[in-house]
Amino acid sequence: MSETTQHREASAGPLGLLGFGMTTCLLNFHNAGIIEMSVVIIAMGIFMGGLAQVIAGFMEFKAGNTFGATAFTAYGLFWWSLVVILVNPKGLGIAAGDGRSMGFYLLLWCIFTIFMFIGTLKANHATQIVFGTLAVLFLLLAIENFTGSSVVGKIAGIEGIFCGASAIYTAVAGIVDGEFNKPIMPV
């Protein structure tokens, strides 16, 4: 007699949310003036913010989840593009981004995130908080770049820490609830 083992596909959500949340917190510790910009933030942006989310996005594509696939892949690629902007490959003859170009870059991400937020209205409250606070974060960062206001930048940093922490919480809830096979952490 052969035993049939049931294969359960893993959820990509916690990986993608951890990649996003941890990287968002770390960058916004810098924006809030808590830590300096360093290779620590860049490395986190490349691997957890970028690679982990792109992997989660591909897993969501395979699972047939258009929202998750789009969100994780797009935001993973956001982190990779931001790393390129921050590192500024002058050796390629590319000019550094100025406040106006960064403002438009962040504003476009804000608009995209508002539409993604609309998609969360049928999801749990924790996911709505992640996307809602992310839209606000992108708007604040765009305003900071358009105006050069360090006060708005610090406010964005604090708000970004909250946004990242909410994503980490949502990820951990997905892991814990999945392990116990029942809701343990409210989302």
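Please work out the Cα center distance from region 69-110 to region 142-167, rounded to the nearest Å. Region 69-110 and region 142-167 have Cα centres separated by 16 Å. Once C-alpha pairs closer than 8 Å and six or more residues apart are averaged by separation and normalised to the residue number of the chain, the relative contact order reads 29 percent.
Label point of E9 set 7 angstrom out along Cα-Cβ; within region 49-90, amide nitrogens under 11 Å from it belong to 59-66. For the chain, the longest principal axis of the Cα atoms and the long axis of helix 125-147 meet at an angle of about 10 degrees. Counting only residues at least eight positions apart within a chain, or on another chain, the lysines with an alpha carbon under 23 Å from that of K62 are K122. What's the angle, to the nearest 10 degrees (0 to 90), between helix 13-31's Cα axis and the longest principal axis of the chain? Between the helix axis and the principal axis of the chain, the angle is about 20 degrees.
Can you compute the FRET efficiency between M37 and A123 using 1/(1 + (r/R0)^6), with r the Cβ-Cβ distance and R0 = 25 Å? Round to the nearest 0.05. Between M37 and A123 the formula returns 0.15.
At a probe radius of 1.4 angstrom, the accessible area of region 71-132 per residue rounds to 56 square angstrom. With the gyration tensor restricted to C-alpha atoms of the chain, the semi-axes of the equivalent ellipsoid amount to 32, 18, 15 Å, longest first. For T66, the accessible surface of its heavy atoms amounts to roughly 100 Å² (probe 1.4 Å, protein chains only, rounded to the nearest 10).
The values are calculated or read from the model by the stated rules, or taken from the named source; none is laboratory data. What you are looking at is a predicted structure, and each value in this text was computed from that prediction instead of being measured. Glycine gets a Cβ as well: all are built from the backbone with ideal geometry, and neighbour counts include every protein chain shown. Quick note on the areas: whole protein, heavy atoms, side chains included, nothing else; ligands and nucleic acids left out. Shrake-Rupley method; radii C 1.70, N 1.55, O 1.52, S 1.80 Å.
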